[in-house]
1. Give the total of Lys-Lys pairs in the chain with Cα-Cα distances below 20 Å; include a pair only if its members are 8 or more places apart or on different chains.
2. Grab the Cα-Cα distance for Ser20 and Glu181, subtract it from 0.36 nm times how many residues apart they are, and report the gain in nm with one decimal.
3. Quote the FRET efficiency, to the nearest 0.05, computed for Gln5 versus Arg147 with a Förster distance R0 of 35 Å and r equal to the Cβ-Cβ distance.
4. Apply the Karplus curve 6.51 cos²θ - 1.76 cosθ + 1.60, θ = phi - 60°, to the phi angles in the stretch 121-130 and return the couplings in whole Hz, x for Gly and Pro.
5. Helix 86-96 versus the longest principal axis of the chain: what is the Cα-based angle in degrees, 0 to 90, to the nearest 10?
6. Show me, for the stretch 18-30, the HN-Hα J-couplings you get by feeding each phi into the Karplus relation (A = 6.51, B = -1.76, C = 1.60, θ = phi - 60°), rounded to Hz, glycine and proline as x.
7. Towards the positive end of the charge dipole of the stretch 95-237, with charges on Cβ (+1 Lys, Arg; -1 Asp, Glu), say which of Ile198, Ile177, Gly129 has the farthest Cα.
8. What FRET efficiency do you get for Glu73 and Thr95 if R0 is 22 Å and r is their Cβ-Cβ distance, rounded to the nearest 0.05?
Amino acid sequence: MPDMQKEISTLEETLQYVFSNRSLLETALTHTSYVKGDGKRMAHNERLEFLGDAVLELCVSEHLFRDYPELQEGAMTRHRARLVCEPALFSAAQTLGVPAFLRLGNGEELTGGREKPSIVSDALEAIIGAIYLDGGLEPARRVIQERVIRLLEEARVDETDKDFKTRLQEYIQKGHIGLLEYECMDEKGPEHQKRFTISARLNGESIGTGTGLSKQSAGQAAAKAALIRLGVLEGEA
């Protein structure tokens, strides 16, 4: 990026926040691929993304608690998960113009890294982490409330738009709560009409089972049962 300071000024205008320590924002925009392999001695944004994720969840939780007094705990949890999911973050980051400012390695640049949801959404969380370190919680809260939450609300992914297995995988990945696997526990019936029983297992423990006439449909049923058990979906456990 030939004129990083000019680029940073543009992004600061978009965010409506001016950094005291601009190196934090530079780090937030630096993907691991830019650092690795070229002998560059500089930080990348993974640690800032970790911090920004926590700050974002806190501020979104506060927003839901304050602005949606009718929502109970389970509903707030589901709403928050839809607001801070990768597709919503990716859409918000695109609207803010984040992809244009990223520092990527040649390989990621050539393979469309600026359009990869994981890279772009992580960068937005890293930017939030950078604001928090630079100015504290109040500036981070203001940027999230004034510049980010509305975009997340607009981009929110309705839970009916995704299959149960995808939604379960995203929930577990977002929460960093373990390894999700599916195991076929049983299959009965003649070849032309077999009935399968699949177990969704988190860290080796069954969190939902389902049956179906194919392994795919049984897996979907197991994922739905797991989502209900975890409180992500409403239904009878």
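Just so it is clear, none of the values below were taken in a lab; they were calculated from the coordinates. Predicted model only: the values in this text are computed from it and were never measured. Cβ sites come from the backbone with ideal geometry, for glycine too, and all protein chains shown count toward neighbours.
1. Count of close lysine pairs: 13.
2. Gain on extension, Ser20 to Glu181, equals 53.4 nm.
3. The computed FRET efficiency comes out at 0.95.
4. These are the phi-based 3J(HN,Hα) values: 5, 4, 5, 4, 5, 5, 4, 4, x, 5 Hz.
5. 30 degrees
6. Rounded to whole hertz, the list is 9, 6, 6, 10, 5, 4, 5, 5, 4, 5, 4, 8, 9.
7. After comparing all options, I get Ile198.
8. Taking R0 as 22 Å, the efficiency between Glu73 and Thr95 is 0.15.
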